Amino acid sequence: MTLHLVYPVTFVGSNFKIALKYLKVIAFTHKQIELKELGRLVICQENLTEKLNQVKSQFGISEMFYLATCNRVEFVMMTPEVVDREFSKRFVDALEMGLCPISTGSFLDAASIYEGRDALEHLLRTSCSLESLIVGEKEILAQLRKAYEDCKEAGLTGDGLRMFMNCIVKTAKEVYTNTNISKNPISVVSLAYRKLRDLHLTSNERILIIGAGETNRNISKYLQKHKFSNFAVFNRTVEKAAELAADLNGEAYSLGALKTYNEGFDVIITCTSAVEPIITPEIYTTLLNGETGRKTIVDLAVPNDTAPEVLEQFPVNFIEVHSLNEVAKKNLQERYEELTHAEDIITENINAFCLELKQRKIELAMRQVPEKIKEIRNTAINSVFAEEVQNMDKESRETLEKVINYMEKKYISVPMIMAKDILVNNN
């Protein structure tokens, strides 16, 4: 049987503490679980809505959404049920993830369960990337918003989670805007691309990519995103070179083809696992094909793929991994120094949100005031003082009506103002 709870009357209108207390989170994250294991908790998109609707109905959950990223799987819900390890076990079992009892037990032992203010704080910290594998990476906010929107479209959420999500998004935007927690890149790839960008290259620069591993694939995405289009890819395994070249609409070659390549180049991006330099003076001379201008080499290999003699003998803009690593470490340290500022913003937003919920509770309670005052007025005129009113002349009755109408309007606003003043002063 599905438990239907109507917002904001049930949660916000009746009791503030209960309203916040109904927010629960079951979180499986990189902090306690290896990343490769987290993938086993991801629910197939094909039957995700069906499964979430099933557990929503089965466990008395009024609203919920599901978040799955490369370093976390979380279930966010509104429910009066006690969410503990026993509840979590039944919940995970009902989702039929195909886990054996031993695996389920291990995951549950590593799960983090949050309730009420702790749950809200966790969600805010998550959206601000304070709980991410890499602090300051903004992607988590977009992932969280999409997870919520998908479940909203599926009818899994309502006014309760909408209110919390508004607070979550507002807080994250404030943190990213008012702190330096995400300002400076901390990945070698993003730093390398920024260095390239500072050279003001044109989109038709001839780019040679040596190595088709993950690092070069990642930097290629930056280049492709910014409209670079002239690529040649070299790799020990031609098949892998062909895969990356196909993504870039470029040409694929074996690593040995560097000895005879004569199409010229403007930029070399290299990252291989070779223990000896790939780009020797001889290879570099061949690649130049008679050109004499200053070229650019981005060497992200450890050890470097570029022989020192190349840098000594030729004019080169050289971007190498060692200096980028130093910048990355410095930027990461600066991000951690911003944590206190970000946490202060989170605390301020939680307090403001809690006050907002209390005010909404008062507003909903005060909706009855006008009706009650009208009842008193009608009783006074038509019952308690009916005879006296009937004996009044027309002009007197009109004056009485004006006085009562004036007092009625004033009395309606007075309790609301007083209640808000008390609420603000108490906070």
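Just so you know, all these numbers are worked out from the coordinates, no wet-lab data involved. What you see is a predicted model; the values in this text were computed from it and never measured. Heads up, the Cβs are rebuilt from the backbone with ideal geometry, glycines too, and the neighbour counts pull from every protein chain shown.
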### Message
Just want to confirm a number: the relative contact order over segment 9-181, from Cα pairs under 8 angstrom separated by 6+ residues, in percent.
### Response
28
### Message
Among DSSP bridges having both ends in the chain, what percentage is antiparallel? Round to the nearest 5.
### Response
45
### Message
Quick check: residue separation of L332 and E214 times 0.36 nm, minus the Cα distance between them. What number comes out in nm?
### Response
40.3 nm
### Summary
Under Stokes-Einstein, segment 296-335 at 37 °C and 0.692 mPa s, with its Kirkwood radius over C-alpha pairs, diffuses with a coefficient in µm²/s of 292
### Summary
Given backbone amide H placed at 1.01 Å from N, residues whose amide H is under 5 Å from that of E320, ignoring those fewer than 5 places away on the same chain, are D299
### Message
So I have (i) 46; (ii) 15; (iii) 35, and one of them is percent of Cα pairs over 39 Å apart calculated from this model. Which one is it?
### Response
(i)
### Task
Work out, step by step, the length gained on full extension between E356 and E309: first 0.36 nm times the residue separation, then minus their alpha carbon distance; give nm to one decimal.
10.3 nm
#### Entry: Principal axis dimensions, largest first and in whole angstrom, of segment 153-226 by Cα
54, 32, 22
#### Entry: Gap separating the Cα centres of segment 147-179 and segment 300-334, nearest whole Å
41
### Message
At 7 Å along Cα-to-Cβ for each site, give me the label-to-label distance between A386 and E243 in nm.
### Response
9.0
### Message
Helix-only mean residue ellipticity at 222 nm, the chain, DSSP H runs n ≥ 4 weighted -39,500 (n - 2.57), per residue, nearest 500. What is it?
### Response
-17000 deg cm²/dmol
### Message
For a Förster distance of 60 Å, can you work out the FRET efficiency between the beta-carbons of F87 and R294, rounded to the nearest 0.05?
### Response
0.40
### Query
What's the extension gain from N47 to S273 if we count 0.36 nm per residue and subtract their Cα-Cα distance?
77.2 nm
### Task
Have a look at segment 9-181 and give its Rg and Dmax from the Cα atoms, expressed in angstrom.
15.5, 46
## Note on the structure
Any DSSP H helix in the chain with Cα axial reach of 30 Å or more and mean Kyte-Doolittle score of at least -0.5? Listed by number, the hits are 339-366, 394-426
